[in-house]
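The values are calculated or read from the model by the stated rules, or taken from the named source; none is laboratory data. Note that this is a predicted model, so its numbers are computed, not measured. Calculation scope for accessible area: heavy atoms of the full protein, side chains included, ligands and nucleic acids excluded. Shrake-Rupley method; radii C 1.70, N 1.55, O 1.52, S 1.80 Å.
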Amino acid sequence: VRALEGDEALVEVLGVGCGRCHEPGGCGGHYLTQALCGAPTTYRAANPVGAQVGEEVLVGVPARAVLIGATLAYTLPVLVLLLGALAGMALGGDIGAMLGGGFGLASAWLFVRYKGRLVAGNPHFRPQILASGSTQHQ
């Protein structure tokens, strides 16, 4: 926990992923995250357990938020891209498919941004501190 603001805490995430990156069968997603996000990331989380600055905490995200987020971020754009490409191909061949796919992808991106802003303030989608543990050095 880096700071407290009312009933919320600013939580710095030091490690990401499932923790199985170095084990056989792990996806290695940690390596991609390290390459794209060099600095630790800070998030705002509800603090119902009363964690204090400097404590290590366990943060959870509601399952519904993960499902909706994954659907919006991955499934919807791919689906709309393919539907746009198919519609474009029916209307204008290969060029139409490229334009339709691009239009579909741009539309999905705008929708995801809009929907993301709508749920940003919804407490049912917010991360929450589930438990606080030992104190770490700041």
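Tabulated data
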quantity	calculated
Probe 1.4 Å, protein heavy atoms only - accessible area per residue of region 36-88 in square angstrom	64 Å²
Gain upon complete extension [Trp109, Ala46; 0.36 nm per residue less C-alpha separation]	19.9 nm
Residue order for Met89, Met98 - accessible surface, 1.4 angstrom probe, largest first	Met98, Met89
